[in-house]
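Visitor: Okay, handing you the structure first.
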Amino acid sequence: MTAGRQDDIDIVLRREGETIDDILGGRLRILQKERGYRFSIDSLLLAHFVQVKRGDSVADLGTGGGIILLLLSHRSICGRMVGVEIQEELADMARRSIKINGLEKGIKVLSGDIRQIKTFLEPQAFDVVIFNPPYRKLNSGRINPDQEKAVARHEIKGTLGDFLLAARHIVKESGCVYIIYPATRMAELFFRMRDCDIEPRRLRMVHSCRSSRAEFVLMEGKRGGGEELKVSEPLFIYEENGMYTGETENIFRELSTPPSSFS
């Protein structure tokens, strides 16, 4: 397809108030709201942290604009890929981003509430389940007046426990669950995971810079796994001068690696 023809298709798929943004140096394109919810670096870090084998089936709960599924489809040759999103406008935008990239045969986005997941996804259907849940409790802090941002950031449409219960329903026995969550709520994360029979197996603390406290924890859990936790070295996103660290730059480069050389 010529560049001009692709641009025409992209324009048709873009709605008013949306942007079409290049990611991975233009290898992928994604639709985002000009003023609404937009993905942030935590989605990129989570996509890189996930370990997917060739042919694995993957589910992304609360997929938003579909950024994680798009990244994983680029860096791994996956099997079935499904995103679940409760906000219909975001789900529609994710579907159009998938179409822009010609990936509609490999990735499906369902409109649905993860709290009702048993009504639309079969049990133990996925090798890998991923989620980047709302970080803030419902009654903590000011709730953003923008509904999309509010649902993405506050536990309005689902708590950590709700996401873990949904993950437990659809992940296979010995399948893996990947999460990014605030470091300040790590104790709750451990408790909720074990309560759902998802054993913490690998974690990595994420710091803004070397002089800052940990902000996030990247976590891998295994359904029905045994007690053995690997703690990786911390990840520092920025140097003290505000530039990305060499490791962060490497993460971006690795996300850009095509399936033929990554899988």
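The values are calculated or read from the model by the stated rules, or taken from the named source; none is laboratory data. Bear in mind the structure is a predicted one, so any value in this text is a computation, not a measurement. Neighbour counts are summed over all protein chains in view; Cβ atoms, including those assigned to glycine, are modelled from backbone coordinates with ideal geometry.
Visitor: Among the numbered criteria (1) within 21 Å of the chain's Cα centre (by Cα); (2) among the aliphatic types (A, V, I, L, M); (3) farther than 24 Å from residue 129 by Cα, which one does residue 217 miss?
Guide: (3)
Visitor: Here's a follow-up. In region 24-51, what residues are among the polar types (S, T, N, Q) and either assigned to a loop (DSSP other than H, G, I, E, B) or farther than 25 Å from residue 135 by Cβ (or both)?
Guide: Here is the first cut: in region 24-51, the ones among the polar types (S, T, N, Q) are 32, 40, 43, 51.
Within region 24-51, 40, 51 qualify.
Visitor: Could you say whether any residue in region 6-17 is surrounded by fewer than 18 Cβ atoms within 10 Å (Cβ to Cβ), under 19 Å from the mean Cα position of the chain (by Cα), closer than 23 Å to residue 255 by Cβ and at pLDDT below 90?
Guide: So far as region 6-17 goes, no, none of its residues is surrounded by fewer than 18 Cβ atoms within 10 Å (Cβ to Cβ), under 19 Å from the mean Cα position of the chain (by Cα), closer than 23 Å to residue 255 by Cβ and at pLDDT below 90.
For every residue, the table says whether it meets (1) modelled with pLDDT of 95 or more; (2) charged (D, E, K, R).
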residue	(1), (2)
98	yes, no
108	yes, yes
113	yes, yes
117	yes, no
133	no, no
139	no, no
145	no, no
150	no, no
153	no, yes
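Visitor: Would you please name the residue that is nearest to residue 173 (Cα to Cα), looking only at residues in region 26-78 that are β-branched (Val, Ile, Thr) and surrounded by fewer than 18 Cβ atoms within 10 Å (Cβ to Cβ)?
Guide: Step one: list which residues in region 26-78 are β-branched (Val, Ile, Thr), which gives 30, 41, 50, 52, 58, 63, 67-68, 77.
Right, trim to surrounded by fewer than 18 Cβ atoms within 10 Å (Cβ to Cβ) and you get 41, 77.
Values: 41: 30, 77: 22 Å.
Selected residue: 77.
Visitor: Taking region 190-203 as the region of interest, how many residues are within 15 Å of residue 231 (Cα to Cα) and of a type outside the set (Asp, Glu)?
Guide: First pass over region 190-203, keeping only residues within 15 Å of residue 231 (Cα to Cα): 190, 199-203.
Of the ones still in play, those that are also of a type outside the set (Asp, Glu) are 190, 200-203.
Qualifying residue count, region 190-203: 5.
Visitor: Any residue in region 205-220 that is farther than 17 Å from residue 174 by Cβ and among the basic types (Lys, Arg)?
Guide: yes
Visitor: Let me ask another. Taking the conditions exactly as written (under 10 Å from the mean Cα position of the chain (by Cα) and either hydroxyl-bearing (Ser, Thr, Tyr) or crowded, with 21+ Cβ neighbours inside 10 Å (or both)), does residue 90 satisfy them or not?
Guide: Details: under 10 Å from the mean Cα position of the chain (by Cα): no; either hydroxyl-bearing (Ser, Thr, Tyr) or crowded, with 21+ Cβ neighbours inside 10 Å (or both): yes.
Answer is no for this residue.
Visitor: Here is a list of conditions, (1) out of contact with any Pro (no Cβ under 9 Å at 6 or more places or on another chain); (2) in contact (Cβ under 8 Å) with a residue 40 or more places away in the chain; (3) among the aliphatic types (A, V, I, L, M), and residue 203 meets all of them except one; can you say which number that is?
Guide: (2)
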